[in-house]
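J.: Below is the structure I would like to discuss, written out as structure tokens.
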Protein chains: 2
Amino acid sequence: MKKINTSAISGAQELLPSLQTEFDRLKSGILHAFLAHGFIKIETPIIDRTEILLAKAGGDTEKQIYKVIKTAETADQANQALRFDHTVPLARYTVEHMNELAFPFKATQVARNFRGERPQKGRFREFYQCDVDVIGWEKLPIAYDTEIIMTLADAMLVLPIPRFLIRVSNRKLLTGLLEGLNLQQWTSEIFNIVDHAEKVSPEVTREALENLGIGSENVVKITTFTQIRGKRAEIIPKLESLGSQNETFEQGLRELETVITELENRLRSETYARIDVEADMVIVRGLDYYTGTVFETVAPDYREIGSICSGGRYADLARYYTDQHLPGVGGSIGLSRLFYILRNYGLINNAQSKPVDVAIVPISENEYTTAQELAEKLRRSDKKVDVVLTDKRLGDKLTYAAKIANFAIIVGDDEVRSGNFKIKNLQTGKVTDLADWQ
Amino acid sequence: MKKINTSAISGAQELLPSLQTEFDRLKSGILHAFLAHGFIKIETPIIDRTEILLAKAGGDTEKQIYKVIKTAETADQANQALRFDHTVPLARYTVEHMNELAFPFKATQVARNFRGERPQKGRFREFYQCDVDVIGWEKLPIAYDTEIIMTLADAMLVLPIPRFLIRVSNRKLLTGLLEGLNLQQWTSEIFNIVDHAEKVSPEVTREALENLGIGSENVVKITTFTQIRGKRAEIIPKLESLGSQNETFEQGLRELETVITELENRLRSETYARIDVEADMVIVRGLDYYTGTVFETVAPDYREIGSICSGGRYADLARYYTDQHLPGVGGSIGLSRLFYILRNYGLINNAQSKPVDVAIVPISENEYTTAQELAEKLRRSDKKVDVVLTDKRLGDKLTYAAKIANFAIIVGDDEVRSGNFKIKNLQTGKVTDLADWQ
């Protein structure tokens, strides 16, 4: 029956209505939490100039970027491309509109990005990311680091995951520790080894450190450090006992103490019963973009989900576009990937997510007016209402109603005369008087 | 201070926060109206295969389409491109998921499309379109034509335009009239002349018709027909008096009568006091895609806005992708263009659209806990709340608050002790007890 292949491009998430409804529920719940925290929604063009998009890039980004052309151009001539994350357009937007924005600028973007990756499970070429960032003018108080994490905590409560663990650290600690040990020249190698420590055995990590030739005493100090994790009361004495007299380390320690103290206080509320927090020195976040607080979140009951959201503090948002110093802190939820994984774990219940609230089924054209009036009334109380206008038999109309809606109301002669309607729950079959419903 | 050009690409709409807030208010109001009418939101990938996108195309589309490439490909090799409207992806989606969808399939898409047009006033390369469509399986009752128009009427009520006039017709009338006059071979030329009739003088239209060499009597009949407009009670007798015995004409007349009768009835409600409707035979909608009901909407007080929304009935959604007969009816609001024009007419009041509802301003760090607790409470009653965490002077914090928020609450010693807060309207300066607010 089909003439040509009508599948979506590979690497794109195209959902049937019930799943789309469930996806949208999560997406708008997350955005709602971001806006509730006073973040300002901005929208940047999906197409941007390659000059902007590749100002910093290199490596994978350059390989994965989608260039955009019209006729008669080659890839080399393409001066426009699709954005691959929200950070670069945010930097461009902030610099471009610097004089009209109020700082700290709390920005959120919940939209699609594009990467020409090889499509694989949970990795999409076209995917939603939900970002929050606070950008300071010259400086930005540490209190915003907590604010970003609490904003993401409120967003995570929307997700159908039983428990969350937020793991937080501060990159100044390891940076300072290495300075104190005079190991600055190995900073990026050591960060890289620590960043991968959870994916390999402790022996492999120790061996990797020893192979740097930094001396076994230093290896012990670094591994001792990276194994420190727990609540504020546990970790602060342990970090102090490392006895690093280094200033960067001390600054990181004070910052981490501020953040973890405040997080423990605020997450104590009953609202956050599903969310736990701990400091964990093995968290360094790969990107050298981050310079202070770093965090990620896992699901203790579903470790395989990996990081649910992550982020951190950066020294300078837009150094490629301006000399103005714009420090910031931000975090991101990779929603398309997450949604894919949640589906695989059976945590998305799409059976209950019919896109329409109520289908009104007039038996014949004689009941159309009554049906439409009833629909208008239900819409005023914020219901999504379809009126089934096909000239099919009642049974067929009800089958249709059950596919798209959660409830149905049949409108026949009797109902038109009496003005009394019954509403049927299409999941349970239970029938109620409309007057008693909700 | 800037290092490289950070402007958005030309032809994209990049808005500052207050305008973005106003744009989003309209966009979500429109979507809300669509969902309230039982339309199902679907999301198709922004990137699609050129084979799909260009199956029907030709002319402008082929010239305007943005192709998408990775490295080392030329435009000719590009087999992916950005969608340029919602109709083609809707057709692909419907065919691809045919067996899992319930028909009539009421679909809505509110999202961005892309065209590599020369950017000019109100014409964007990256733009939002808000579409609704009902797609039938084999057939689709005429009642859905009214339903599409009523859905768009509810969406239009969101727009800051004082009055609307919906103009409706049916292409079967002119098609049938020409059949009856034995002028079928000039059908596309005559439709084209009528489609442009409102842009030129009556003399130019008459001359264009005369130049076809169809005889002056036929020219008079056609111009008489195209000048028929008004309410149902006026136009039906006039159309009947044309005395076309043609079956297509008769069918069009019956369909138009059904649609205009129902629209007049439903729009009589007080809710639609701003919306008027009339039948107008000059409306044919250029695209030969439409086969029955056609409509467009104008603002009588701002004729220059042009068509606010338009659409119609089509015989076959997806004939390029399937032999399955899928008739439909749909309509669309070109929101980016419309927003641009509304701004130019001063109809968008962005001064009142601060993105944040309440900025809470703690005087010092001592009040942070109280401020955060108050913020959480206000968020529970669905407010967008920022807590200002900068270490600036109170005056600077309040200046910041006034830039981002509609209301401010100062939290100092007294407030922490008493638990009583005052809230200030940052537009009017009026101060109220928070307990008495909303």
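The values are calculated or read from the model by the stated rules, or taken from the named source; none is laboratory data. Quantities reported herein were computed from a predicted structural model and do not represent experimental measurements. Cβ atoms come from the backbone with ideal geometry, glycine included; neighbour counts cover every protein chain shown. Accessible surface is based on the protein model in full, side chains and every heavy atom, while ligands, DNA and RNA are left aside. Shrake-Rupley method; radii C 1.70, N 1.55, O 1.52, S 1.80 Å.
J.: Enter the accessible area of residue B:434 (Å², nearest 10), with the probe set to 1.4 Å and all protein chains included.
T.: 30
J.: Where does the charge balance sit around residue A:128 when Lys and Arg score +1, Asp and Glu -1, over other residues with C-beta under 10 Å from its C-beta?
T.: After counting each charged neighbour, the total is +1.
J.: Take residue A:51 and residue A:189, extend 7 Å from each Cα along the Cα→Cβ direction, and tell me the distance between the two endpoints in nm.
T.: In this crude spin-label approximation the distance works out to 4.0 nm.
J.: Given labels modelled 7 Å from the Cα in the Cβ direction, how far is it in nm from residue A:269 to residue B:216?
T.: So the label points at residue A:269 and residue B:216 sit 8.3 nm apart.
J.: Kirkwood Rh and Cα-based Rg: tell me the resulting Rg over Rh for the protein assembly as shown, rounded to two decimals.
T.: 1.01
J.: Between the label point of residue A:413 and that of the same position in each other copy, find the distances and list them shortest first in nm, with every label point placed 7 Å from Cα along the Cα-to-C-beta direction.
T.: 8.1
J.: Let me ask another. Amide H of residue A:410 versus every other amide H placed in the peptide plane: which residues, excluding those fewer than 5 positions away on the same chain, fall under 5 Å?
T.: Correct list: A:361, A:422.
J.: Okay, next question. Need one value: the accessible area of residue A:261 in square angstrom, 1.4 angstrom probe, rounded to the nearest 10.
T.: 50
J.: Could you pull out every residue, at least 5 positions away or on a different chain, whose amide H is within less than 5 Å of the one on residue B:322? Hs are placed 1.01 Å off N in the peptide plane, and Pro or chain starts have none.
T.: For residue B:322, the qualifying residues are A:3.
J.: Next up: Could you work out the relative contact order of the range B:111-237, using alpha carbon pairs under 8 angstrom and six or more residues apart, expressed as a whole percent?
T.: Averaging sequence separation for qualifying contacts and normalising by length gives 11 percent for the range B:111-237.
J.: Right, here's the next one. Given Cα pairs under 8 Å that are at least 6 residues apart, what percent is the relative contact order of the range A:348-431?
T.: Averaging sequence separation for qualifying contacts and normalising by length gives 36 percent for the range A:348-431.
J.: Here is a further query. Expected output is a single nm value to one decimal: the length gained when fully extending between residue B:240 and residue B:382, i.e. 0.36 nm times separation in residues minus the C-alpha distance. What is it?
T.: 45.5 nm
J.: Still on this structure: Pairs to check: A:3/B:70; A:139/B:392; B:354/B:392; A:67/A:106. Give those whose C-alpha atoms are more than 18 Å from each other in this structure.
T.: Distance filter (> 18 Å) returns A:3/B:70; B:354/B:392; A:67/A:106.
J.: If I model a spin label as a point 7 Å beyond the Cα along the Cα-Cβ vector, how far apart are those points for residue A:85 and residue A:233 in nm?
T.: So the label points at residue A:85 and residue A:233 sit 3.8 nm apart.
J.: Below 8 Å between Cα atoms, with a sequence gap of 6+, how large is the relative contact order for chain A in percent?
T.: For chain A, the relative contact order is 17 percent.
J.: How large is ³J(HN,Hα) for each residue in the range B:240-256, as worked out from phi by the Karplus curve 6.51 cos²θ - 1.76 cosθ + 1.60 (θ = phi - 60°), to whole Hz, x for Gly and Pro?
T.: 4, 6, 5, x, 6, 7, 6, 5, 4, 4, 4, 5, x, 5, 4, 5, 4
J.: Right, next: Taking residue A:393 in one copy and the same position in all the others, each labelled 7 Å out along Cα→Cβ, what are the pairwise distances from the first, in nm, shortest first?
T.: 8.2
J.: Quick one: ranking A:353, A:201, B:418 by accessible area, 1.4 Å probe, largest first, what do you get? Display every interim value, and only then the final one.
T.: Numbers: A:353 10, A:201 45, B:418 65 Å².
Accessible-area ranking of A:353, A:201, B:418, largest first: B:418, A:201, A:353.
J.: Check residue A:15: other-chain or 5+ apart residues with amide H under 5 Å from its amide H, H built from backbone geometry?
T.: Those lying under 5 Å, H to H, from residue A:15 are B:43.
J.: Report residue B:137's accessible area, 1.4 Å probe, all protein chains in place, as a number in Å² to the nearest 10.
T.: Surface accessible to solvent at residue B:137 totals approximately 100 Å².
J.: What accessible area, summed over both chains, is buried at the B-A interface (1.4 Å probe, Å², nearest 100)?
T.: The B and A chains share an interface burying roughly 9000 Å².
J.: Measuring from centroid to centroid over Cα atoms, what is the spacing of the range B:349-410 and the range A:355-408 in Å?
T.: So the two Cα centres are separated by 44 Å.
J.: Right, next: What do you get for GluC sites (Glu not before Pro) in the range A:101-209 restricted to DSSP loop and a cutoff of at most 15 other Cβ within 10 Å of the site's Cβ?
T.: A:117, A:138
J.: Now for a separate question. Relative to the present Cα-Cα distance, how much length would full extension add between residue A:435 and residue A:302 at 0.36 nm per residue of separation?
T.: In short, 43.5 nm is gained.
J.: Next question. Pulled fully out, how much extra length does the chain show between residue B:392 and residue B:163, if you take 0.36 nm times their separation in residues and subtract their Cα-Cα distance? Could you put the intermediate results ahead of the total?
T.: Values: separation 229, 0.36 × 229 = 82.44 nm, distance 4.79 nm.
Length gained between residue B:392 and residue B:163: 77.7 nm.
J.: I would also like to ask the following. Can you give the calculated 222 nm mean residue ellipticity of chain B, where each DSSP H run of n ≥ 4 adds -39,500 (n - 2.57) and the sum is split over every residue, rounded to the nearest 500 deg cm²/dmol?
T.: Rounded to the nearest 500, the figure is -11500 deg cm²/dmol.
J.: Apply the Kirkwood formula to the range A:310-438: the hydrodynamic radius equals the inverse of the mean of 1/r over all pairs of different alpha-carbon atoms; give it in Å with one decimal.
T.: This gives a value of 18.2 Å.
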